[in-house]
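Report on the structure given below.
Please treat every number below as a calculation from the coordinates, not as lab data. Only a predicted model underlies this, so the values are computations on that prediction, with no experimental measurement involved. Cβ sites come from the backbone with ideal geometry, for glycine too, and all protein chains shown count toward neighbours.
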Amino acid sequence: MKGRITINKELCKGCGYCIMACAKKLISFDKNFNAMGYHPAMPVNIDKCNGCELCAIVCPDIAIEVWRK
Ligand code: SF4
Ligand code: SF4
């Protein structure tokens with residue numbers, strides 16, 4: 001299954017839960033700050049995403065959306 005995620009960086013508080021949750025290591029911290037002063041999470045190598053949704057499930061700020069096809 002192919003998946004894709006988007007992360008709303010302005011909702012993200014940079015807790016890193018999604019980074020720890022992704023077994024494929026497809027999420028990293030952005031070196032830039034968001035408006036709240038956090039380093040938000042951002043997708044990397046996202047063409048390898050399988051849409052498992054773990055990153056979205058663990059996000060306490062509902063900042064991640066997942067699509068599958
Ligand atoms: S949906 Fe699964 S594979 Fe895709 S980025 Fe999130 S945790 Fe990683
Ligand atoms: S789990 Fe949510 S709030 Fe935490 S770093 Fe990931 S996107 Fe940001």
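Stokes-Einstein diffusion of segment 3-68 at 20 °C, 1.002 mPa s viscosity, Kirkwood radius from Cα pairs, rounded to a whole number: 187 µm²/s.
Measuring against 20 Å, Cα to Cα, the residue pairs 9/69; 31/69; 24/69; 9/31 contain 9/69; 31/69 as the ones spanning a longer distance.
If the chain linking residue 57 and residue 15 were pulled fully straight, counting 0.36 nm for each residue of separation and taking away their Cα-Cα distance, it would gain 13.8 nm.
Helical content of the chain, expressed as a calculated mean residue ellipticity at 222 nm, amounts to -3000 deg cm²/dmol (DSSP H runs of 4 or more residues, -39,500 (n - 2.57) each, divided by residue number, nearest 500).
Among residues other than residue 47 with Cβ under 9 Å from its Cβ, the summed charge is +3 (Lys and Arg +1, Asp and Glu -1). A cut-off under 14 angstrom between Cβ atoms defines the neighbours of residue 25, and their net charge, with Lys, Arg +1 and Asp, Glu -1, is +1.
Counting charges near residue 8 (Lys, Arg +1; Asp, Glu -1) among other residues having Cβ under 9 Å from its Cβ returns a value of -2.
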